[in-house]
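Quick notes on the structure that follows.
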Amino acid sequence: MNNLENSMQYFFRIAEDPNYIPNSYLSMFCLLAWAVVFLIGYKANLDKINKSYIRGLGFILFSLQISVTIWFLFSRKNPLEDSLPLYFCRMSSLILGVALIRNKINGKFTNFFALFSVFGASIALLIPDMERYNFPHFTSISFIIIHSILLLTSVYIVKNSESILSNKDMFKLAALIIVPIHIINLIFGSNYSYTMILPSILAALPEELSVAVVFSVSIFVVMSIQKLKLIKWGKIEEDKLILSVDGVSFNEDSFEELDMNTARFNIEN
């Protein structure tokens, strides 16, 4: 019993390890998890999967993210600085989790986060940035599980949602998400979603541009992945001309039908 208690205390330990060493095997496992999950999500017929399984994944995603948030809130000296679920992947886990549990995946907010999280969860697994705890620890295990499920469910929503975001929708949603987060960062001196200080890979850019870079990148990512979605999964065909006039869509077939109607009208008259 004491061994079990000691193991649990070690697994959920609060103080960061002073002798922390990045685990190369853990990074390789993250890479493997990304490859397996992405291939499953990309190739499998997820639209035919039992909805109860998808709801189960949504419940696990939501519950685990809530658990991690609670752990951070009670383990940090200044919890408001980095414990709130205001990073994109944390927000996505909660929003997509609820959407999957309710089986409502066509909302604009849901689709914005799903589109972004295909990229965000992939980056998290390919370039893992975990807390400074030697393996095993609650944060490293939850990191892998959350981002793996987030990637799989994001691809599921992107493939199966009927919602298509306009450019106006993307700009509006990005502003509704990023502006309040930036205000919170200014108040608490935090760096949620990197609107104050960009990740190290973009450290060369001036800090004054951070919020503009986050805003631009989020829109670019969402726009790019939606375009790939439309082309790849048959929402539009590359070889067909598609126009929209006053909310009515026309393609080549529409024009052929229009020509036939015009010819019929000319004959009859």
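The values are calculated or read from the model by the stated rules, or taken from the named source; none is laboratory data. All of these numbers come straight from a predicted model, not from anything done at the bench. Positions of Cβ are backbone-derived with ideal geometry, glycine not excepted, and every protein chain shown enters the neighbour counts. We work out accessible area using only protein heavy atoms, side chains counted, and drop any ligands, DNA or RNA first. Shrake-Rupley method; radii C 1.70, N 1.55, O 1.52, S 1.80 Å.
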### Query
Looking only at helices (runs of 4 or more DSSP H) that fall completely inside region 166-269, which ones have 1 or more residues that are at pLDDT 55 or above and within 19 Å of residue 154 (Cβ to Cβ)?
167-188, 210-232
### Task
State the number of residues belonging to region 181-216 that are open to solvent by 60 Å² or more (accessible area, probe 1.4 Å) and of a type outside the set (Gly, Ala, Ser).
13
### Query
Of these, 101, 105, 70, 60, which one is within 20 Å of residue 163 (Cβ to Cβ), out of contact with any His (no Cβ under 9 Å at 6 or more places or on another chain), of a type in the set (A, V, I, L, M, F, W, C) and open to solvent by 50 Å² or more (accessible area, probe 1.4 Å)?
101
### Summary
All-but-one check, residue 93 against (1) of a type outside the set (Phe, Trp, Tyr); (2) surrounded by 17 or more Cβ atoms within 10 Å (Cβ to Cβ); (3) out of contact with any Gly (no Cβ under 8 Å at 6 or more places or on another chain); (4) more than 13 Å from residue 147 (Cα to Cα), failing number (4)
### Task
Could you grab me the full set of residues in region 1-35 that are of a type in the set (A, V, I, L, M, F, W, C) and in contact (Cβ under 8 Å) with a residue 12 or more places away in the chain?
11, 12, 14, 21, 26, 29, 30, 31, 33, 34
### Summary
Within region 20-49, residues open to solvent by less than 80 Å² (accessible area, probe 1.4 Å) and among the polar types (S, T, N, Q) come out as 23, 24, 27
### Task
State whether the residues of region 130-141 include one that is without any contact (Cβ under 8 Å) to a residue 60 or more places away in the chain and under 26 Å from residue 30 (Cβ atoms).
yes
